[in-house]
Structures are given as structure tokens and as C-alpha cells.
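The structure under discussion appears below in the form of C-alpha cells.
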Amino acid sequence: MYLTKEEEQILNGDAGETLRQAIEILVALGDIYGADRLIPIKSAQIAGVSYKTMGDAGLEWISDLQGKVKVPAILNPAGMDLQDWERLRISPEFAEKQKLIVQAYEKLGIRCECTCTPYTLEGFDVGYGDHLAWSESSAVSYANSVLGARTNREGGPSALSAALLGKTANYGFHLDENRVPEISFDVEYPLKGSDYGALGYVAGNLAGSKVPVFHLRSTPDADELKALGAAMAASGAVALYHVEEVTPEICRVNFEEPSEKITIEKSQLDEVYESLKKACKEPELITIGCPHCSAAELEKAAKLLRGKTVSKEFWIFTSRELAKRYPEYVGTIEESGAKVVCDTCMVVSPATNSYSCVMVNSGKALAYVPGMCGAEAVYGSMEACVEEAVGGAAKNVAKKGGDSN
Ligand code: F3S
């Protein structure tokens, strides 16, 4: 891989040990994947934040690093709400370690916003064709597919290295030739809301790591695209997809239709709702916000919960910035007894491990909760999640002065 004179000097250790290690990681990846050079990036999103997955070895590694990031960088969800961790019964020992991890990242100049939806943050704009170094699989999928930006699915160390150098190796989804559709999915009936997460769950299994193109009979909005991509990244390893006449790249580039074509039947989506529900009949915990809720999803949850009281634990995950921006939605949700939780999620927090059956409205959470949290997971729309949390239609009595819309 070609390196500039300055990059050679960094590799020789002239700019210190942290940058030497950082460029060594990027050069090693670039050599493996055939990159020709390092290219500048606009931003980084760094995974490897939860103490649940990092452990003491990860904490030690981060704490030893020196210097400052060269591009705007934020973190993936941590293992707890950094300001209100006691509410989900996180242990003080875990909280102490988690705070040390986040402080170590902050010392490197990384913005202490722990979210898998960086594209919703102010000052973190992403444009068509921008090169990024993002880690979290749903964020990578959204950046590549919905925003038309370019990022590989970075590991925590490579995203951090890219942030410290302001560069990444030029391979994979940074290159035109790897962004071409390889498999086509036809869906011959209209979809709505959580159907897109169910579709992603099915399509990801079939696509593996190929780039799919979808031919749909309905036009997904941004949250539906987010759910589709998140589920495909979890049940498969899809980091880029196209939706005919919807996503920006396929609207600009004249791609050839792939020869591999699959029609997804309605019965396959019904199975996601129905057969998995048989796994556990009585969810003890209801969670939404995987990926983190957008403003529109917070608004919808607030409308659904207004005037009601939940009878089960109900956690709604979002970024701290959005929770601060929309206190009225947070207030309405919390009046019901549901909890708006920031900086973390149902998968990376150890809090979920205390439950044996969890209801989700996310294809990604459906794929990850069993393995990461040791709980069975069932799938439903946001409306179904709210209904389950308030105890079903029979007990769903609006409080005086409230309404159920
Ligand atoms: Fe985000 Fe956690 Fe889901 S990181 S995509 S909410 S598993």
C-alpha cells in the first residue's frame, strides 16, 4: 500500500506510540484487503464501549492511548445509561468500570454521545459520497444505503485508529466496484412499520454478505429503512443495500439487475411474527429503540402511551441528544411508567440478562437478544409492544384526561 512521506514517519513512530499503533492497524487491514492507499474520512463512530463486551483488557488498552482524534468521533452504545444507571439496576462495580471506559475515550477528544444513530446528531452531518469509519452494523448500513456515504464495518480498534489519523484504508465499500447489487429481492405486497424489520430478518439470512437490491410495492420512510438495514446486518452481514427508486445511489447510478433473484412471500414475514412468538408466550420485558429511536419514533411511542400505565418493564432506547431535544415526548412516555433510557441498549446492557423473555420491535434485537442476553425474544410492531406493556387490550384503560391516539 502506498504511504505518503508523513504516513511513513508515523509508521516509524516519529509521531508517538499511539499513532504508530493506529497506522499499523490500518496498514495491516489495507494490505489484507488490497487497499492502494489511505483516504481522508469525515467522521468516525467507535464500537467497543460496553464494559459487558470490553472487559478489563479493553479498558486497559483504551486507557493507555494518548493524543486526540482528528475528525468528529462518537461512541457506540455503552453498557448503561451514563447518568441514570441505577434505574436499570446496574451494579456499582459495573458502573465504575463503564465510566472509566467512557472517560478514556473522552480524553482522546471523542464526543461522549453513545449511540448507533450518529446520523441524527447535530454537527455530525453525512453527505452523499462521504468516506467514513463507522463501526456499528446498523449505522454502517444506514450510512452506505440511505445516505449514500461510504464506510466499511469497522471494528472498534480500526475505527478508533481511523479517528486518530483522520484516515482509513481505501478498500471494500469505499470503492465503486463493491457497491454493485449482487442479489435481487422482490416483495409483491405493500409493507408497513415493523414489516420492514421482519423483511430484513428474512432477507439478511438469504443475502449473507451480498449487496441486495429490493423491488418493493411500498415506499419506506427513513425509520423503516433503518429497521430493514439493521435486521439484515444482524441476521446476515449486509452492510449496503439498495431500494429501487428510493435509496440515493441506485437513483444516480445505472446498476445492472443481478442474475440471482428471490421473491419473498408474505408467509415468510408472517413466520417472523408468529413462529417466534411461540418461543416464549409471556414477555417480562418490552423494549423498543434498536437502533436508537428517532424523533418520529419517540413521538409515536409518546402518542401510543399517552394516558396509559404500563404493567411491565418497558424500556425505550434513544440517544441522549434526542432525549434532551424532545423533553415533551420523554415526559409523556415516562408518565406511563415506561423508561426512556439513553447511552445504551437492550443488547449491550447487562440489565437485559435478568429477564428470560423479551419483546422487541426490531429484527436486529430479535437476532441478538438470545445470544447476547440469554433471553428468548419475540417480535411485534411498536403498537403490539405498547399493548403488551400496558397489559393487553382488556386492561388498556386510559387515565382520566388522557387519550389513546
Ligand atoms: Fe443499536 Fe444496540 Fe440495536 S447498538 S442497533 S440498539 S443492538
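The values are calculated or read from the model by the stated rules, or taken from the named source; none is laboratory data. Computed from a predicted model, the values in this text were never measured in an experiment. Every residue, glycine as well, gets a Cβ built from its backbone with ideal geometry; the counts of neighbours run over all protein chains shown.
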**OP:** Can you give me the ranges of the strands (runs of 3 or more DSSP E) entirely in the stretch 1-78 with at least 2 residues that are touching a residue at least 40 places away in the same chain (Cβ under 8 Å) and either over 24 Å from the mean Cα position of the chain (by Cα) or more than 16 Å from the ligand (Cβ to nearest atom) (or both)?
**Re:** 38-40
Subject >> Inter-residue pairs, beta-carbon under 6 Å, first of a type in the set (Ser, Thr, Tyr) and in the stretch 355-380, second part of a strand (DSSP E or B), 6+ apart >> reply: Tyr355/Leu285; Ser362/Cys290
**OP:** Please work out if Lys97 is touching a strand residue (DSSP E or B) at 6+ places or on another chain (Cβ under 9 Å), among the basic types (Lys, Arg) and not assigned by the TED database to the domain that holds Glu297.
**Re:** no
**OP:** Within the stretch 143-153, track down each residue that is under 22 Å from Leu29 (Cβ atoms) and either within 16 Å of the ligand (Cβ to nearest atom) or in a loop (DSSP other than H, G, I, E, B) (or both).
**Re:** Ala143, Asn144, Ala149, Thr151, Asn152, Arg153
Original post:
Of all residues in the stretch 311-331, how many are more than 16 Å from the ligand (Cβ to nearest atom) and farther than 16 Å from Met346 by Cβ?
Top reply: 9
Subject >> Residue count for the stretch 248-261, restricted to those that are exposed (fewer than 14 other Cβ atoms within 10 Å of the Cβ) and out of contact with any Lys or Arg (no Cβ under 9 Å at 6 or more places or on another chain) >> reply: 7
Original post:
In this structure, does Glu136 turn out to be crowded, with 22+ Cβ neighbours inside 10 Å and not hydrophobic (A, V, I, L, M, F, W, C)?
Top reply: yes
Subject >> Residue identified as surrounded by fewer than 19 Cβ atoms within 10 Å (Cβ to Cβ) and touching a Cys at 6+ places or on another chain (Cβ under 9 Å) among Glu245, Glu271, Glu265 >> reply: Glu245
**OP:** Name every residue in the stretch 356-370 that is surrounded by fewer than 24 Cβ atoms within 10 Å (Cβ to Cβ) and either near the ligand (Cβ under 9 Å from one of its atoms) or closer than 16 Å to Lys52 by Cα (or both), in order of residue number.
**Re:** Tyr368, Pro370
Subject >> Meets criteria (at pLDDT 95 or above and either in the same structural domain as Ala237 (by the TED database) or closer than 18 Å to Phe317 by Cβ (or both)) for Asp81 >> reply: yes
**OP:** Could you figure out which of (1) hydrophobic (A, V, I, L, M, F, W, C); (2) more than 30 Å from Thr332 (Cα to Cα); (3) in a strand (DSSP E or B); (4) within 16 Å of the ligand (Cβ to nearest atom) isn't true of Ile262?
**Re:** (4)
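State whether the residues of the stretch 121-136 include one that is part of a helix (DSSP H, G or I) and not assigned by the TED database to the domain that holds Phe255.
no
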Subject >> Any hit, the stretch 264-278, residues being more than 30 Å from Gly374 (Cβ to Cβ), touching a residue at least 12 places away in the same chain (Cβ under 8 Å) and among the β-branched types (Val, Ile, Thr) >> reply: yes
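Look through Gly193, Gly166, Gly200, Gly155 and report the one residue that is assigned by the TED database to the domain that holds Glu249 and out of contact with any Asp or Glu (no Cβ under 8 Å at 6 or more places or on another chain).
Numbers: Gly193 fails: out of contact with any Asp or Glu (no Cβ under 8 Å at 6 or more places or on another chain); Gly166 fails: assigned by the TED database to the domain that holds Glu249; Gly155 fails: assigned by the TED database to the domain that holds Glu249.
Just one listed residue meets the conditions, Gly200.
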Original post:
For Glu284, are the conditions met, namely being over 13 Å from the mean Cα position of the chain (by Cα) and under 20 Å from Gly374 (Cα atoms)?
Top reply: yes
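Each row is one residue, and each column tells you yes or no for (1) in contact with a strand residue (DSSP E or B) (Cβ under 9 Å, 6 or more places away or on another chain); (2) within 14 Å of the ligand (Cβ to nearest atom); (3) within 22 Å of Ala139 (Cα to Cα); (4) at pLDDT 95 or above.
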| site | (1), (2), (3), (4) |
| --- | --- |
| Lys303 | no, no, no, yes |
| Ile333 | yes, no, no, yes |
| Ser336 | yes, no, no, yes |
| Asp343 | yes, yes, yes, yes |
Original post:
Tell me, which residue of the stretch 152-196 that is closer than 30 Å to Ile10 by Cβ and basic (Lys, Arg) is surrounded by the fewest Cβ atoms within 10 Å (Cβ to Cβ)?
Top reply: Arg179
Original post:
Restricting the stretch 102-120 to residues that are away from the ligand (no atom under 16 Å from the Cβ) and either assigned to a loop (DSSP other than H, G, I, E, B) or in contact (Cβ under 8 Å) with a residue 60 or more places away in the chain (or both), which is surrounded by the most Cβ atoms within 10 Å (Cβ to Cβ)?
Top reply: Ile110
